[in-house]
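Reading through the structure tokens given below for one structure.
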Amino acid sequence: MKIDKIVVRRMVMNMKSPFETSFGKQQERSFLIIEAHSNGLIGYGECVVSGFPYYSEETVSTALSIIEEFLIPLVLDQEFSHPDEVNSKFSRIRRNNMAKSAVEGAIWDLYSKEKGITLAEALGGEKKEITVGISLGIEDDLEALLGNVDRVLKQGFQKIKVKIKPGKDLHVLKAIRERFGDIPLMADANSAYSLKDLPLFKEMDKLNLMMIEQPLEHDDIVDHRKLQSELNTPICLDESIHSYDDARRAIELGSCKIINIKVGRVGGLSAAKAIHDLCEENDVAVWCGGMLESGIGRAHNIAITTLSNFTIPGDTAPSSRYWHEDIIEPEITMDTNGHIQVSAKPGIGYNVIEEKIEKYTIEKLVFETQTI
Ligand code: OSB
Ligand code: MG
């Protein structure tokens, strides 16, 4: 397939409720949507950046700049027989993984649509449904959080992840255990702690959590190794893993027992699949994390989760958890057992609603080679 046009959309969508993590609170999502056009078909990718460099160093503006200046020139007017070739072409560019992933993702969708297969099939996934959990933000009021836990348990989510930060951690987790018993519970610290907090983690270790996600520095695998050796609770790495080699080294060191694979953070579906395979060979369980995606990014997450080693429920909650209206149809729904059905339609398997995507587009940039 030859890429004859790329469209980049700057998007702003307002979430139903604010989402607070240890690095800040957000209500508005600023991100990018990429369209890759070929022969009348359109593939869609989502760039899961935000307006601030607090989760990772990438932002909407840095991603846009890298996409315009470096990534589009490598794909526009080029022939590809498989999306893995895009990953190879981009490998010379250091990091900027969310920017790369967005362009590569659009080409993966396009490739599957051209072949008439689902994105899940193109990736080698076999599950017809995936099992999901939910990530709950920090609340000022403990009762409000307990109310959220109660509600999402009733909705059927199969894993409850709560965000923690210093001062909003042990007592919160204990209160959840006291009220709801042995539910599938985990905590995500988003790098808010250091090894000095070992006594606190020793206390958390008594709560039979499924895992503790990214307790220490965003770029660390050495201190995490020390912490993991002191705890029975598995450590799951999120921010620290940006590549296949990061995953390999973390596994080799024993820095974690679980990896949260986020497609954007690792630079795309090809890399996500390679990390999945590596983890499978090493008996390291994986699950698919989320970045508060619109339906487009969410559909990509569903597709990668169909791979066999995604054995732990991910953070891919249905559209209605985030949005008053999604930009795809049908919107993504979940049954009362926490299952999302994988669409059988080609590509991402959902239609992008033209009117809705336009409604949330604040800027649209079109790249195509001028033909005289
Ligand atoms: O650390 O997993 C994270 C959201 C934004 C940035 C980082 C994270 C998250 C979430 C929410 O936990 C996951 C989701 O519901 O999409
Ligand atoms: Mg996380």
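Output yes when any residue across segment 88-104 is in contact (Cβ under 8 Å) with a residue 24 or more places away in the chain, surrounded by fewer than 19 Cβ atoms within 10 Å (Cβ to Cβ) and outside any helix (DSSP H, G or I), and no when none is. Spell out how you get there, then give the answer.
Filtering segment 88-104 for residues in contact (Cβ under 8 Å) with a residue 24 or more places away in the chain gives 90, 93, 95-104.
From what's left, surrounded by fewer than 19 Cβ atoms within 10 Å (Cβ to Cβ): 93, 95.
Applying the additional criterion that residues be outside any helix (DSSP H, G or I) yields 93, 95.
Yes, the conditions are met somewhere in segment 88-104.
Among the conditions (1) more than 16 Å from ligand 1 (Cβ to nearest atom); (2) crowded, with 24+ Cβ neighbours inside 10 Å, the only one that GLU280 does not satisfy is (2). Does segment 275-292 include one or more residues that are of a type in the set (Phe, Trp, Tyr) and more than 30 Å from HIS324 (Cα to Cα)? Checked against the condition, which is being of a type in the set (Phe, Trp, Tyr) and more than 30 Å from HIS324 (Cα to Cα), segment 275-292 yields no hits at all. Of VAL8, VAL12, all but one fail to be crowded, with 19+ Cβ neighbours inside 10 Å and touching a strand residue (DSSP E or B) at 6+ places or on another chain (Cβ under 7 Å); the exception is VAL8. Sub-9 Å Cβ pairs linking a first residue in segment 237-252 that is free of Cβ contacts under 8 Å to residues at least 40 places away in the same chain to a second residue that is within 11 Å of ligand 2 (Cβ to nearest atom) and among the hydroxyl-bearing types (Ser, Thr, Tyr), at least 6 apart or interchain, are SER240/SER191; ASP246/SER240; ALA250/SER240, ordered by first then second residue.
Taking each residue of segment 120-149 that is in contact (Cβ under 8 Å) with a residue 40 or more places away in the chain and farther than 30 Å from GLY349 by Cβ and looking for partners that are assigned to a loop (DSSP other than H, G, I, E, B) and of a type in the set (A, V, I, L, M) with beta-carbon atoms closer than 8 Å, six or more apart or interchain, yields ILE138/ILE164.
Restricting to segment 153-176, give me the number of residues that are closer than 19 Å to ILE312 by Cα, surrounded by fewer than 19 Cβ atoms within 10 Å (Cβ to Cβ) and either of a type in the set (A, V, I, L, M, F, W, C) or free of Cβ contacts under 8 Å to residues at least 24 places away in the same chain (or both). Going through segment 153-176 one residue at a time, the tally reaches 1. Taking the criterion of being away from ligand 2 (no atom under 16 Å from the Cβ) and either within 26 Å of ARG265 (Cα to Cα) or crowded, with 22+ Cβ neighbours inside 10 Å (or both), the residues of segment 177-200 that qualify are PRO184, SER194, LEU195.
Quick note: the coordinates plus some simple rules give every number you see, no bench work behind them. Treat the numbers as computed from the prediction; the structure is a model and nothing was measured. A quick note on method: Cβ atoms are made from the backbone with ideal geometry, for glycine too, and the neighbour counts reach across all protein chains shown.
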